[in-house]
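Peer 1: Got a structure for you, questions after.
The values are calculated or read from the model by the stated rules, or taken from the named source; none is laboratory data. What you are looking at is a predicted structure, and each value in this text was computed from that prediction instead of being measured. A quick note on method: Cβ atoms are made from the backbone with ideal geometry, for glycine too, and the neighbour counts reach across all protein chains shown.
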Amino acid sequence: MTEKTPKNLTTWRALNSALHDILADIPEAFVLGEDITTWGTGGGIYGVTRKLVDVYGPGRVRDTPISEEVLLAAVGAAAARGTRPILEIMYSDFSLLGFDGIINQAAKARYMFGGQFDVPLVIRTNGGSGIGKAAQHSQSLETIFAHVPGLEVAVPATPGDAYGLLVQAVRTDNPTIFLEHKNLYYDKGEVDFQPVAFGQARIARPGTDVTVVATQQVLHAALAAADQLAEEGIEAEIIDPRTLYPFDMETVIGSIRKTRHLIVGHEAVRDYGWGAEFVAQVAEEAWDLLDAAPRRIGGARTPIPYSEPLERTVTPGRDEMIAAVRAVRGATMAEAGTPA
Amino acid sequence: MFDLHEHGLKGLRLMAKIREFEQRLPALSQEGLIRGSTHPSVGMEAVAVGVSMNLEARDAIASNHRGHAHTLAKGADFGRTMAEILGRRDGYCGGKGGSMHIGVAELGVLGTNGIVGAGIGIATGAALAAQVSGDGSVAVAYFGDGGANQGVLAEALNLAAIWSLPVLFVLENNHYAQSAAIEQMVAQPDFTRRGEAYGVPAIAVDGMDLPAVYDAAETAVARARAGEGPSMIVADTYRYLGHMAGDTEIYRSKDEVREWHTRDPLTRLRTRLEESGILAAGEWERTQEQITAEIDEAERYARASALPDPASAHTDVYATQGWAGR
Ligand SMILES: Cc1ncc(C[n+]2csc(CCOP(=O)(O)OP(=O)(O)O)c2C)c(N)n1
Ligand SMILES: [Mg+2]
């Protein structure tokens, strides 16, 4: 890959640059999806595939019919047969139409056939709420994917990570669910054009008093909460795992060793969410490091409603994060006899 | 048979009312009153109206993302429908659904839908319930040329055919699926062949002509009601506006859009009514004024409706009572 100087880009631009670089560098890679060449200014519902077809042509940049079931089945096999497909599913909710292809086939092909097949497939899609897309265009399905043996799951929160994780995803030989967040496409940030290894968390803000592990919109809510908390004398260490599988437990445990308090936040429904699995792992591996019971914040156990006041109610934000941190820290301070 | 005297004015009035309703949506979006995506079907009114004029309240429809016309033609209240699109308390779903999830149980509206193709399976299920319960109702699936490329269509056509389910598969071919031109997305442009391949009688109609749609639907509904099974109607039509607010429409030419306007279903029917003397000169203008006033009222109602109580976000997730037994 050619060396590029870092730039300040929006997430969609960063992803678009990643796709341009991938197609330039990896002849086996190709891109397909619905409305990826003729929508907007020529590239997908959020612009991520912009102008790819102009450079790489309709053989490697393909508009597809609305046929998620066959697409999700076909790309797994195309990957097993030596190509590196990058399939855009317009909203992650639509991937549910092709779960056989993802979960019964692509995720299991390597294992069932005794390791004979690589399935270097990337399914790019977006999840999350916040812009009124309602129940069937706003789900956060990352837990479901992370639950499936054989799949890797990336959840970038910044433009830089979006770029780095995407180029990495195409290089790995496992099927990857690449979950963008629809409300972060227009966020700007520094992009250094370097790949980001899966399973390496990023410390988004260093702190000493509580470890907050969060993804995407909730990560940003945590960062916003941290300023307020700092004024109250609580320094939160905020960690972005960046990939849910593989998951960087080491960085988190290292942080808890220092802060002795833990909160996990995600937009996926809290009940049975990945945060529960993660907290359970911490409890098993590092029980003694915690001074207070950990807490989870996450989506309410409801579909995502349309109307704004309702949508806001069911998704966790800055206020929920502040309340959770106060509760976890307050428990310890009360025990130590300090007024909370 | 469509009778100009009996059905003409009624059909024209309903189409015009739906159009007046939908034409206001882009401005409401601009004003920030509509979130997410709304898909107006301006230009396509004859399909929903022609089909629905043959339906009864007990019949079911399963719609798609472009579903306001289907819903309104089935008898939904214009004010409550608009209130739902605006996410208000008095909307049919209390603001939980929005444009893409408007359901009206008492009218058999099984929802507009955010998942392209989903209505095909849903209408098949409604027809199954009709057959199992023997309630005499029929069901309609509305879907587009894009939706026709979902695998569920093949499965539904076959299932409905082998079980003789009382269902109409109404394909609105408006030549584009979002930005995808139909020519690039199907190799066999004659969609009726799909129905026929599964043993479902299929007819192609001019979807810009209310009488044509009406007649096809009349036959299909009669067939379904008589227990003779499913039918498919392929309506050739066009959407005048973008796929949704903000559509740059780089995938089609202005000339093409203009050309389709010359086939406008409202203008055509109005002309016929005037030529046959059913509509007197100047009469339509007065009717149109009334319609405008009715939609003003619907809009006023929707705007005045309060936003829902945030606590209502947590209701309706589960049933609170089970079947009590007999
Ligand atoms: C399963 C699924 N895939 C993709 C989409 C995104 N999408 C919404 S409408 C649409 C085009 C549908 O075209 P068509 O069925 O022809 O209906 P039209 O919009 O033309 O009325 C697409 C791709 C979706 N909502 N659901
Ligand atoms: Mg269409």
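Peer 1: Taking the residues in region B:250-281 that are in a loop (DSSP other than H, G, I, E, B) and touching a residue at least 60 places away in the same chain (Cβ under 8 Å) as candidates, determine which candidate is nearest to the other protein chains (Cβ to nearest Cβ).
Peer 2: B:Tyr251
Peer 1: Only residues that are closer than 18 Å to A:Pro305 by Cβ and either more than 7 Å from chain A (Cβ to nearest Cβ) or not hydrophobic (A, V, I, L, M, F, W, C) (or both): list them for region B:106-116, please.
Peer 2: Residues satisfying the conditions are B:Gly111, B:Thr112, B:Asn113, B:Gly114.
Peer 1: Looking at region B:152-182, which of its residues are more than 18 Å from the chain's Cα centre (by Cα), within 16 Å of ligand 1 (Cβ to nearest atom) and among the small types (Gly, Ala, Ser)?
Peer 2: B:Ala154, B:Ala156, B:Ser179, B:Ala180, B:Ala181
Peer 1: Among the residues of region B:91-100, is there at least one that is of a type in the set (D, E, K, R) and within 25 Å of A:Ile66 (Cα to Cα)?
Peer 2: Within region B:91-100, not a single residue is of a type in the set (D, E, K, R) and within 25 Å of A:Ile66 (Cα to Cα).
Peer 1: Follow-up question, since we're still on this one. When you scan region B:39-51, do you find a residue that is touching a residue at least 24 places away in the same chain (Cβ under 8 Å), within 14 Å of chain A (Cβ to nearest Cβ) and either farther than 19 Å from B:Thr219 by Cβ or small (Gly, Ala, Ser) (or both), even just one?
Peer 2: Within region B:39-51, one or more residues are touching a residue at least 24 places away in the same chain (Cβ under 8 Å), within 14 Å of chain A (Cβ to nearest Cβ) and either farther than 19 Å from B:Thr219 by Cβ or small (Gly, Ala, Ser) (or both).
Peer 1: Here's a check for you: in region A:97-125, which residue that is surrounded by 24 or more Cβ atoms within 10 Å (Cβ to Cβ) and within 14 Å of chain B (Cβ to nearest Cβ) is farthest from ligand 1 (Cβ to nearest atom)?
Peer 2: A:Gly101
Peer 1: If only one of A:Ile256, A:Ile263, A:Ile234 is more than 22 Å from A:His137 (Cα to Cα), part of a loop (DSSP other than H, G, I, E, B) and in contact (Cβ under 8 Å) with a residue 12 or more places away in the chain, which one is it?
Peer 2: A:Ile234
Peer 1: Right, next: Report yes if A:Gly130 is modelled with pLDDT under 95 and surrounded by fewer than 24 Cβ atoms within 10 Å (Cβ to Cβ), otherwise no.
Peer 2: So A:Gly130 fails the test.
Peer 1: When only residues in region B:133-147 that are under 21 Å from B:Ser52 (Cα atoms) and within 12 Å of ligand 1 (Cβ to nearest atom) count, which is nearest to the other protein chains (Cβ to nearest Cβ)?
Peer 2: Among them, the one singled out is B:Gly147.
Peer 1: Out of all the residues in region B:111-154, which are within 20 Å of B:Gly98 (Cβ to Cβ) and away from ligand 2 (no atom under 16 Å from the Cβ)?
Peer 2: Residues satisfying the conditions are B:Gly111, B:Ile122.
Peer 1: So B:Arg19 clears everything in (1) out of contact with any strand residue (DSSP E or B) (no Cβ under 8 Å at 6 or more places or on another chain); (2) outside any helix (DSSP H, G or I); (3) in contact (Cβ under 8 Å) with a residue 12 or more places away in the chain except one condition, right? Which one?
Peer 2: Exception for B:Arg19: condition (2).
Peer 1: Looking at region A:287-305, is at least one residue more than 13 Å from A:Ala214 (Cβ to Cβ), of a type in the set (Lys, Arg) and either within 14 Å of chain B (Cβ to nearest Cβ) or buried (at least 22 other Cβ atoms within 10 Å of the Cβ) (or both)?
Peer 2: Yes - at least one qualifying residue is present in region A:287-305.
Peer 1: Would you point out which residue out of A:Thr332, A:Thr338 is surrounded by 17 or more Cβ atoms within 10 Å (Cβ to Cβ), away from every other protein chain (no Cβ under 14 Å) and modelled with pLDDT under 95?
Peer 2: A:Thr332
Peer 1: Which of the residues spanning region B:226-241 are crowded, with 18+ Cβ neighbours inside 10 Å and in contact with a Ser or Thr (Cβ under 8 Å, 6 or more places away or on another chain)?
Peer 2: Within region B:226-241, B:Gly229, B:Pro230, B:Ser231, B:Met232, B:Val234, B:Arg239 meet the criteria.
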